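The values are calculated or read from the model by the stated rules, or taken from the named source; none is laboratory data. Being a predicted model, the structure only gives us computed values, none of them experimental. Note that we place each Cβ from the backbone using ideal geometry, even for glycine, and neighbour counts take in every protein chain shown.
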Amino acid sequence: MFDWIKERHRAGKQKSENTGTGKVLYGPIPKSIRAVRERLDEIFSCCSDVIIREIACGEKKKIIVVYIDGFIDKRLLNQDVIHPVINFLTNVESKDDVSIYDWLKECVVINSDLKDANDMGQAVHGIVSGEAAIFIDGEDRALVAGVKTPEGRQVEEPDTETSIRGSREGFVENLVTNMVLIRKRIKNPELKMEMMQLGERTKTDICICYIKGIANEQILEEVRKRLREIKTDAILDTGIIEQYICDNRLSLFPTVGNSEKCDKLAGKLLEGRVAIICDGTPYVLTVPYLFIESIQTTDDYFDHAFFATFMRILRLIALMISNLLPSIYVALVVFHQTVIPFKLMITFAASQQGIPFPPFVEVLLMIIAFEFLREAGVRMPKPIGEALSIVGAIVLGEASVSAGIASNLMVIVTAITAVCSFIVPPFIRVTMLLRFVFLAAANFMGFFGIILVGITVYIHLCRLRSFGVPYMAPFAPLTVPDLKDSIIMVPVWAMITRPKILRQQENVRGIKGSKRQREENRK
Amino acid sequence: MSRGRKKVLMRCIAVILTIPVFTGCWNNRELSDLNIVMGLGLDKTDDGKILLTVQVAEPGAIQPSSSASGGGGGEKQEPVFVVSSEGETVLEAIRGMLAVVDKRLFFSVAQVLIISESLAREGIEEILDFFERGQEVSYLMNVLVARGVSPDEILRIESDIDPIPGVYIYGTVENSVSRGTVKKTMLIDLLKEIACKGKQPSIGQITIVGEKKVKTKGLGVFRDGKLVGWLDKDETRGVMFAVDRVESAIVNVLVDEGKAALEVVRSRGTVSVDVENDEPVKLVVRVKVEANVGEYEVKGKLEAPERIKILEKALADEIRKEIGMAIDKCQKEYVSDIFGFGSYLYRFHNRCWKKVGNEWDEVFSELPVEIDVDAAIKRVGMIKNPLTKEE
């Protein structure tokens, strides 16, 4: 149905490719230190945060140290880089057989993270990403030393995904810290982290993280391809990447997962999924993302399987309720009074009496009022939140009923819907919109309309793919071995194989898997 | 417009066009725009018109909610109101009622349909057509015949027991499960009985006791859609035992100048007809009951198996007597086979039925009857013997 939108989009994409990448070329590094200075002044004009420091070593030699103030650890820079360099250049006569540059690089500078910059572009990039560049008179290369300060927030428990059991560590904004957090959980060289940069201007570091030998190569290649195809000048969050790489860009349903929790991510990696970490955001993406993952939580695996199964059924029911309850209520009251048991009907009729609006309008008002409250709660500074909740509770709950604007039954319906909508976080936004569609259908066609919309949604879900993997797996297509970790969950010790639908290279977990590997090695 | 786009547009239009075709019940009506009918009464006026009485519930009065009473208290509302309307047909009476009430009448949760005696004597089959035809009518409502009072009076009683008289009446009929002295006839049962070959319909009866109470006890016997007479409560239970509608009942028996109450907990009754040479020769009723001793007001002990045997025999005799009375009355007085002996013939001896089916009720009233009751006492309760001093 939306083919033409896609076409238009594709056309637009091609056009943007044709206009060129907009990359600025900085050229080579001049040999003369004066020229270097001029070039740097030109590049970093009006960049008050860039410090360009010229240091004279001895009589002739001059070096220029460039870095961004506050981005690097100055003491470390002085101690490990500048001080040895000055010492060396002042005291040691130039040697003919080895260039000064190589001497400096190999023997003098004791910083562990040291790179060459062969042209101005590399040096500039190093500077803007928090490294210090050292230009030496007479060299067409520059030293780039990584002396970044460990800046940013401490590792703390994520607000969005709290759990009863399991790790309290959540990702932070710093990419390197995030990579460490994952490595801490999977101490294995098979855990691979591929770096790349996205965004013409922001030059954001992106890391593709996967476990070699488990993750499906095809999916991995697809991830790389889709990331490479992103043509934009700014990547500020994984949310932007998500929109570019998801399979069906117009679908309401999320086909790329995100998480703030390290243990959750480690679990996903071990299932054979691929993670995408982006510098500057604590949200890490996982692909492929299937419907069933929305009702799985990390707590499930740390608890008894029976409780987990019960909770999953509960979550699924909650998902249904948050989508359908208002529309079912409207359909019952407006069309299908016949199916209401008569005692319940008296209750319904009693609560409806004296309400000036039809049930549809009533539900709409209540739900929209709730969405207002919710949005206000998100945007509002935290100290004021309490006032909001009082106003919300009194206005929505009490006053609207006693004023005769809404029936008390409707308040209950809205409240249950609201509560249930928060039980399955990945679908909060989807259900928010779908609820209105169902509601409209229920008001015009009753249960028939609900079923019509329901079927449409279900067909859409069954058609949806996430990186080639069917979204509704293991139910559609039915993948019997994967049912062990779907609505029902078998205990962790019985979960011998990984989700089959992801087509991992190595499907068996634990001892069995390693045994097989050992045999293969022996051969 | 490109070809692909056109195709998409056509598809959208096609989908939208099909939607109105699918909608089944398209009348959108809100709960607050309905008058919920709890009970219906059908009577006949002197000039031959149909008098329909409906009992409508006031939900706000039954369940005062804060949203309903938002406008401030005021005087106490009655939980139901009763209105009557005349008409040549039932539907006309219903529509005529809209002149008196403000909202549409909603019949789907109606609990009882009470038919007056005079109307029943003239025949109910024609009137029931509306209730068969209308899709809004609940087939599960109980049908009763008012004996000695008009349905209007019954529906207007103000019972202290339940705010809605319709629910109260329904409840008393439902209790028949544990007493077996009234026949619970849902509308669907009645329609089935009318349509059934070789069986005459019978409907439970209802009367008023005192100011505020009703009593549902006994049975009205119909023949060809017309009420022909009544059965009292014991006879009714006989019928219930024979047609296997007893789930539980209390049967009092006299043994050794004392009384004992036996609680029937399981009963299985079958009716059949013995046929010889395609001629019906005998009506057979077989009943198998299991009972517990509920009360034993007899001097002496209940230990010995002989005493239990005596009780069993007394129980069987009592039930046989009740069934006998009922069949006798139906044969001699009313000439109406409400037991369904005829439908047994129709189903299992069709050749015989073809011979006698046309005047079955007359044939039925002439046939001898065999009643075979097998009673068994299962438990005697917590004590074996009454708590009396040793003699």
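Kindly indicate whether A:Pro359 is crowded, with 21+ Cβ neighbours inside 10 Å, within 14 Å of chain B (Cβ to nearest Cβ), touching a Leu at 6+ places or on another chain (Cβ under 9 Å) and not hydrophobic (A, V, I, L, M, F, W, C). Yes. The residue list B:Leu191, B:Leu227 contains one member that is farther than 18 Å from B:Gly39 by Cβ and in a helix (DSSP H, G or I), which is B:Leu191.
Considered as a group, the residues in segment B:7-23 that are facing chain A (nearest Cβ under 10 Å) and at pLDDT 80 or above include one that is nearest to A:Phe447 (Cα to Cα), and that residue is B:Val15. Residue-level check: of (1) basic (Lys, Arg); (2) in a helix (DSSP H, G or I); (3) out of contact with any helix residue (DSSP H, G or I) (no Cβ under 7 Å at 6 or more places or on another chain), A:Arg53 misses just (2).
Tallying residues that are touching an Asp or Glu at 6+ places or on another chain (Cβ under 8 Å) and in a helix (DSSP H, G or I) within segment B:165-181 yields 5. Within segment B:27-48, being more than 10 Å from chain A (Cβ to nearest Cβ) and β-branched (Val, Ile, Thr) holds for B:Val37, B:Thr45. Scoring A:Val378 on the criteria (1) over 29 Å from the mean Cα position of the chain (by Cα); (2) at pLDDT below 85 leaves a single failure, condition (1).
Within segment A:381-395, the set of residues being in a helix (DSSP H, G or I), within 27 Å of the chain's Cα centre (by Cα) and not charged (D, E, K, R) comprises just one member, A:Gly385.
Would you point out the residue of segment A:391-405, among those that are closer than 12 Å to A:Glu362 by Cβ and of a type in the set (Val, Ile, Thr), that is surrounded by the most Cβ atoms within 10 Å (Cβ to Cβ)? The selected residue is A:Val401. The criterion of at least 3 residues that are within 30 Å of A:Thr202 (Cα to Cα) is met by the following helices (runs of 4 or more DSSP H) wholly inside segment A:262-380: A:262-271, A:359-379. Looking only at residues of segment B:49-70 that are modelled with pLDDT of 80 or more and at the interface with chain A (Cβ under 7 Å from one of its Cβ atoms), we find that the one that is surrounded by the most Cβ atoms within 10 Å (Cβ to Cβ) is B:Ala57. Each residue in segment A:188-209 was checked for being within 13 Å of A:Ile230 (Cα to Cα), part of a strand (DSSP E or B) and in contact (Cβ under 8 Å) with a residue 40 or more places away in the chain, and 3 of them qualify.
Summed over segment A:310-325, the residues that are among the aromatic types (Phe, Trp, Tyr) and buried (at least 21 other Cβ atoms within 10 Å of the Cβ) give a count of 0. Might you let me know whether segment B:233-244 holds any residue that is surrounded by 15 or more Cβ atoms within 10 Å (Cβ to Cβ), in contact (Cβ under 8 Å) with a residue 60 or more places away in the chain, of a type in the set (S, T, N, Q) and part of a helix (DSSP H, G or I)? Looking for residues that are surrounded by 15 or more Cβ atoms within 10 Å (Cβ to Cβ), in contact (Cβ under 8 Å) with a residue 60 or more places away in the chain, of a type in the set (S, T, N, Q) and part of a helix (DSSP H, G or I), one finds at least one in segment B:233-244, hence yes.
Filtering segment A:144-166 to residues that are farther than 28 Å from A:Ala308 by Cα and hydroxyl-bearing (Ser, Thr, Tyr) leaves only A:Thr149. Screening B:Phe348, B:Phe339 for residues that are assigned by TED's automatic domain parsing to the domain that holds B:Lys259 and surrounded by 14 or more Cβ atoms within 10 Å (Cβ to Cβ) leaves exactly one candidate, B:Phe339. Within segment A:438-445, can one find any residue that is in a loop (DSSP other than H, G, I, E, B), within 30 Å of B:Met38 (Cα to Cα) and either touching a Gly at 6+ places or on another chain (Cβ under 6 Å) or more than 10 Å from chain B (Cβ to nearest Cβ) (or both)? No, segment A:438-445 has no match at all.
Looking only at helices (runs of 4 or more DSSP H) that fall completely inside segment A:82-187, which ones have 2 or more residues that are surrounded by fewer than 17 Cβ atoms within 10 Å (Cβ to Cβ) and not assigned by TED's automatic domain parsing to the domain that holds A:Ile55?
Correct list: A:175-185.
Helices (runs of 4 or more DSSP H) wholly in segment B:81-162 with at least 1 residues that are over 26 Å from B:Ile62 (Cα atoms) and more than 14 Å from every other protein chain (Cβ to nearest Cβ) - which ones? Passing ranges, in order: B:90-97, B:117-122, B:128-133. Looking only at segment A:210-248, which residues are among the acidic types (Asp, Glu) and free of Cβ contacts under 8 Å to residues at least 24 places away in the same chain? A:Glu221, A:Glu229 - these are the residues of segment A:210-248 that are among the acidic types (Asp, Glu) and free of Cβ contacts under 8 Å to residues at least 24 places away in the same chain. Of all residues in segment B:365-391, those being touching a residue at least 24 places away in the same chain (Cβ under 8 Å), part of a loop (DSSP other than H, G, I, E, B) and of a type in the set (Val, Ile, Thr) number 2. Remark: pairs (first residue in segment B:353-364, aromatic (Phe, Trp, Tyr); second residue surrounded by fewer than 21 Cβ atoms within 10 Å (Cβ to Cβ) and assigned to a helix (DSSP H, G or I); Cβ separation under 6 Å; 6+ apart in sequence or on different chains) = B:Trp353/B:Tyr346.
Select, from B:Asn252, B:Asn292, the only residue that is polar (S, T, N, Q) and either more than 26 Å from the chain's Cα centre (by Cα) or outside any strand (DSSP E or B) (or both). Before the answer, list the steps.
Working: B:Asn252 fails: either more than 26 Å from the chain's Cα centre (by Cα) or outside any strand (DSSP E or B) (or both).
After applying the criteria, what remains is B:Asn292.
Quick check on A:Ala275: is it under 10 Å from the mean Cα position of the chain (by Cα), of a type in the set (A, V, I, L, M, F, W, C) and surrounded by 21 or more Cβ atoms within 10 Å (Cβ to Cβ)? Let's see the steps before the verdict.
Working: under 10 Å from the mean Cα position of the chain (by Cα): yes; of a type in the set (A, V, I, L, M, F, W, C): yes; surrounded by 21 or more Cβ atoms within 10 Å (Cβ to Cβ): yes.
Against the criterion (under 10 Å from the mean Cα position of the chain (by Cα), of a type in the set (A, V, I, L, M, F, W, C) and surrounded by 21 or more Cβ atoms within 10 Å (Cβ to Cβ)), A:Ala275 qualifies.
Checking each residue in segment B:288-306 for being over 14 Å from B:Ala249 (Cα atoms) and touching a residue at least 40 places away in the same chain (Cβ under 8 Å) picks out B:Tyr296, B:Glu297, B:Val298, B:Lys299, B:Gly300, B:Lys301, B:Leu302, B:Glu303.
Selection within segment A:326-337: residues that are buried (at least 24 other Cβ atoms within 10 Å of the Cβ) and hydrophobic (A, V, I, L, M, F, W, C). The member of this set that is nearest to the other protein chains (Cβ to nearest Cβ) is A:Val333.
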